[in-house]
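The structure appears below as structure tokens.
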Amino acid sequence: MKEKRPLTEKTITVRWKRSVIGRPQDQRKTIQGLGFRRLHQTLVLPDRPAIRGMIQHVIHLVEVME
């Protein structure tokens, strides 16, 4: 029998603050992988270790609003 996931998963709010112009390709791909499409966009993402790691990789480009 499968366990059900909790309906209220923890989330984290992130805003893209700085441009990726002149940044390495891996940082550009990380911003894209998080789901950002435009500068100053705010996303509500699931609070998971993988997402936290991606945010930590580009912490100088984003703002975390918990």
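The values are calculated or read from the model by the stated rules, or taken from the named source; none is laboratory data. Values in this document were obtained by computation on a predicted structure and should not be read as measured data. With ideal geometry, Cβ positions are generated from the backbone for all residues, glycine too; neighbour counts draw on all protein chains shown. Heads up: the accessible areas ignore ligands, DNA and RNA and are worked out on the full protein's heavy atoms, side chains in. Shrake-Rupley method; radii C 1.70, N 1.55, O 1.52, S 1.80 Å.
Listed conditions (1) assigned to a helix (DSSP H, G or I); (2) loosely packed, with under 12 Cβ neighbours inside 10 Å are all met by Val44, apart from (1).
If you go through the stretch 14-41 and keep only what is of a type in the set (Ser, Thr, Tyr) and either modelled with pLDDT under 95 or part of a loop (DSSP other than H, G, I, E, B) (or both), you end up with just Ser19. Across the stretch 47-65, the number of residues qualifying as at pLDDT 95 or above, of a type outside the set (Val, Ile, Thr) and open to solvent by 50 Å² or more (accessible area, probe 1.4 Å) comes to 9.
For the stretch 4-36, a tally of residues being exposed (fewer than 10 other Cβ atoms within 10 Å of the Cβ) and farther than 15 Å from Val58 by Cα returns 7. Restricting the search to the stretch 47-66, which residues are under 17 Å from Ile21 (Cβ atoms) and in a strand (DSSP E or B)? Correct list: Val62 only.
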